[in-house]
Amino acid sequence: MARLGIYTLDFRFYYRVLHLLKEWNVPFVSIEKPNDIPSDVPVVLSSVDDIDIQFEQIRDNDAMRAIRRAIPYLLDKKLFNEIFIGIDPGPKPGVAVLADRVLIEAFELGDVFSVAENIENIIMGYNTHFMSIRIGNGDKPNREKIIQELKNVDVPIDIVDEGGTSMPHKTHDNVISAARIANIENFNKEKVQRIKKSKRRTQIEREFVTIKAFL
């Protein structure tokens, strides 16, 4: 099981990274001596003000961006081949990141006006050969607002048929729908119809390979 290492003298960066890694349930270890790094650590996170070490190191003052840059190392690679960002349009849009068929993150935004900033941060955070945004074709008014919000984003945008992506939940789950939209070419409507309603985390684990499988 791989862990991310943290080597920094920047306490603000350290505690921000610490908070996010705990929130993501990603295992980590604090590095005190850069010449004594555990064998299960593929990469070390540091701030830009920290010294260079003779090890694979990501130096960034933005904790979230540093973690996103480090995620491929947990899958035994330095960057992804392809990333699809799924967006389920609505007053509280769902957003999901599918990297090389692994669901890395999925979350709900408070409003459509938060979309641009969050998508731009995702684009800046992940290293990949190819990236594309997929937006579900439902909720046209909010879909159009989201497209307008993303007008300056330099990533291809596709509008995809989201039919059936809200099943089997009686209450629409924007997060699960966003993940299905990101993975739309592999979405099996018939299979989902046979799944009984369950909690979001359980549903996601049933349908997708998640980063959890590599930790």
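The values are calculated or read from the model by the stated rules, or taken from the named source; none is laboratory data. Source: prediction; values computed, not measured. Cβ atoms come from the backbone with ideal geometry, glycine included; neighbour counts cover every protein chain shown.
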> Any residue at all in the range 1-11 that is buried (at least 18 other Cβ atoms within 10 Å of the Cβ), touching a Ser or Thr at 6+ places or on another chain (Cβ under 9 Å) and outside any loop (DSSP other than H, G, I, E, B)?
Replying inline: yes
> Could we say that residue 48 is of a type outside the set (D, E, K, R), loosely packed, with under 13 Cβ neighbours inside 10 Å and within 26 Å of residue 120 (Cα to Cα) here?
Replying inline: yes
> Has the range 188-206 got at least one residue that is at pLDDT 85 or above, assigned by TED's automatic domain parsing to the domain that holds residue 141 and part of a loop (DSSP other than H, G, I, E, B)?
Replying inline: no
> So which residues in the range 131-175 are closer than 15 Å to residue 94 by Cβ, among the charged types (D, E, K, R) and part of a loop (DSSP other than H, G, I, E, B), if there are any at all?
Replying inline: 139, 162, 173
> Is there a residue being crowded, with 19+ Cβ neighbours inside 10 Å, more than 23 Å from residue 213 (Cβ to Cβ) and in contact with a Gly (Cβ under 7 Å, 6 or more places away or on another chain) anywhere in the range 19-33?
Replying inline: yes
> Regarding residue 62, is this residue farther than 25 Å from residue 118 by Cα and of a type in the set (Asp, Glu)?
Replying inline: no
>> Quick check on my filter: what residues within the range 160-186 are buried (at least 16 other Cβ atoms within 10 Å of the Cβ) and among the β-branched types (Val, Ile, Thr)?
In response: 160, 165, 175, 176, 181, 184
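Does residue 66 meet the test of being at negative phi, assigned by TED's automatic domain parsing to the domain that holds residue 20, in contact with a helix residue (DSSP H, G or I) (Cβ under 8 Å, 6 or more places away or on another chain) and part of a helix (DSSP H, G or I)?
yes
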>> Which numbered condition in (1) part of a loop (DSSP other than H, G, I, E, B); (2) surrounded by 16 or more Cβ atoms within 10 Å (Cβ to Cβ); (3) of a type in the set (Gly, Ala, Ser) is the only one that residue 39 fails?
In response: (2)
> Only one of these conditions is not met by residue 110: (1) farther than 24 Å from residue 21 by Cβ; (2) loosely packed, with under 15 Cβ neighbours inside 10 Å; (3) free of Cβ contacts under 8 Å to residues at least 40 places away in the same chain. Which number is it?
Replying inline: (1)
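To keep it simple, each residue is scored yes or no on (1) modelled with pLDDT of 95 or more; (2) more than 23 Å from residue 163 (Cβ to Cβ).
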position	(1), (2)
72	yes, yes
79	yes, yes
90	no, no
97	yes, no
102	yes, yes
110	yes, yes
115	yes, no
126	yes, yes
131	yes, yes
> Consider residue 65 against the criteria (1) touching a residue at least 24 places away in the same chain (Cβ under 8 Å); (2) surrounded by 17 or more Cβ atoms within 10 Å (Cβ to Cβ); (3) within 20 Å of the chain's Cα centre (by Cα): it satisfies all of them except one. Which criterion is unmet?
Replying inline: (2)
> How many of the residues making up the range 111-129 are among the charged types (D, E, K, R) and over 17 Å from residue 63 (Cβ atoms)?
Replying inline: 1
> residue 50 passes all but one of (1) more than 14 Å from residue 66 (Cβ to Cβ); (2) part of a loop (DSSP other than H, G, I, E, B); which number fails?
Replying inline: (1)
> Within the range 87-130, can you find the residues that are under 10 Å from the mean Cα position of the chain (by Cα) and not in a helix (DSSP H, G or I)?
Replying inline: 95, 96, 97, 98, 99, 102, 103, 104, 105, 106, 107, 126
